[in-house]
Amino acid sequence: MANLEKHREAGRIHKKVTETARDMVKEGASLLELAETVEQEIRDEGGAPAFPVNISRDEEAAHATPSRDDDDTFGEEMVNIDIGVHVDGWIADAAFTVDMSGNDELVEASRAAVNAAVERVEAGVSTAELGRVIEETIDGYGYNPVYNLTGHGLGEYEQHTSPSVPNRAVDQGVTLEAGDVIAIEPFATDGRGKVKEGSAEEIFSLQDPDARVRSRNARDLVETVKEEYRTLPFAKRWLDDNRLDMSLRRLKASDVVEGYPVLKERDGFFVSQAEHTVIVEEDGCEVTTR
Ligand code: MN
Ligand code: MN
């Protein structure tokens, strides 16, 4: 059973740092500064980042985060910011999109979809119904949902657990129960609605914390990650290690670590995202991140 008070505290911190993040999305502002400021504020507030701040732009949908010496700044882009906060492993996961590209309606489509789905949540409702509502809402704006990305359950130190929450109508869903904690996260696009893996990879997570690792450097890395982040996703820029790339390559090859390549639509298309974390109740739900 989830610790609901800790979920709520993570949500309180999430709402606070989301305001900070919103204020920092401006043309010419630094992506790295935004990510580091938000991650530090999460710690100052008594939480910890549940994953690196994701800053995905234009055709990118997820898993983009600045590198250590990133000097990239915001331009006339669609900027989607996904933030995770945990308190003792209990997670608040939510995202918003700011449009500076002239595609406000696309932002409105994902926001309306998450709100419509949240309205529908209560014990006894199927995740298939949430997917139907999401697809119908985004379709109403003339856009496509991203079919191959989904919302998810949140567990203790587990960023993605069952049930999966589809962003389209599906035949079979999972019936929600009171006390379930789920993240609902529609993505809307003017593209086909299918994202693919790009080549950039800045986010990783430990898959097998107890693996026997031969290389000394790789073993030290596993120990550090285990202590600091457990099996939650971490950013390369969080680790000060001059043999980091080599160690990560080795650990990926032996499935001890998994990488999360940036997920993107085709070039020239845009993706918006809106996400909230909710606690399912008998007659509705409590949104921890709103
Ligand atoms: Mn998220
Ligand atoms: Mn999520």
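The numbers here are math on the coordinates, done by the rules we state, and not lab data. Keep in mind it's a predicted model, so treat the numbers as computed, not measured. Counting neighbours? That spans all protein chains shown, and the Cβs are built from the backbone with ideal geometry, glycine included.
Looking at the square roots a ≥ b ≥ c of the eigenvalues of the Cα gyration tensor of segment 14-78, which shape do they give, rounded for a/c under 1.5, prolate if a/b is larger than b/c, or oblate? Mind dumping the intermediate values first?
Numbers: a/c = 1.71, a/b = 1.57, b/c = 1.09.
Verdict is prolate for segment 14-78.
Can you tally the lysine pairs in the chain where the Cα-Cα distance is under 24 Å and the two residues are eight or more apart, or on different chains?
So the count works out to 15.
Using packing as a proxy for protection, rank 195-202, 77-84, 264-271, 4-11 so that the peptide with the highest average count of other Cβ atoms within 10 Å comes first. Working shown, then result.
Numbers: 195-202: 15.1, 77-84: 25.0, 264-271: 18.2, 4-11: 19.8.
Per-residue Cβ counts within 10 Å, averaged per peptide and sorted highest first, yield 77-84, 4-11, 264-271, 195-202.
Would you mind checking segment 1-36 for residues with the amide N under 13 Å from a putative spin-label position 7 Å along Cα→C-beta of ASP88?
2-10
Cα gyration tensor of segment 80-218, axes a ≥ b ≥ c as square roots of the eigenvalues: rounded (a/c below 1.5), prolate (a/b > b/c) or oblate? Walk me through the numbers on the way to the answer.
On the way: a/c = 2.05, a/b = 1.37, b/c = 1.50.
Oblate, since a/c reaches 1.5 and b/c is not below a/b.
Which value, in debye to the nearest 20, gives the size of the charge dipole of the chain about its Cα centre, when Lys and Arg are +1 and Asp and Glu are -1 at the Cβ? It would help to have the intermediate numbers written out before the result.
Values: 32 positive and 61 negative charges, 198 e Å.
That gives a dipole near 940 debye.
Taking 0.36 nm per intervening residue step and subtracting the Cα-Cα distance, what contour gain separates THR73 from SER101 on full extension?
On the way: separation 28, 0.36 × 28 = 10.08 nm, distance 1.44 nm.
Going from the current span to full extension adds 8.6 nm.
Per 0.36 nm of contour for each residue apart, how much would the distance between ALA123 and ARG249 grow if the chain were fully extended, relative to their Cα-Cα spacing? Don't skip to the answer; put the middle values down first.
On the way: separation 126, 0.36 × 126 = 45.36 nm, distance 4.37 nm.
Residue separation times 0.36 nm, minus the Cα-Cα distance, leaves 41.0 nm.
What is the calculated FRET efficiency for GLN172 to LYS194, with r their C-beta to C-beta distance and R₀ = 25 Å, to the nearest 0.05? Don't skip to the answer; put the middle values down first.
Numbers: r = 21 Å, r/R0 = 0.82.
Calculated transfer efficiency: 0.75.
Could you line up HIS152, HIS276 from fewest to most neighbouring Cβ atoms inside 10 Å? Provide the component values of the computation, followed by the final result.
Values: HIS152 20, HIS276 26.
Lowest to highest Cβ neighbour count: HIS152, HIS276.
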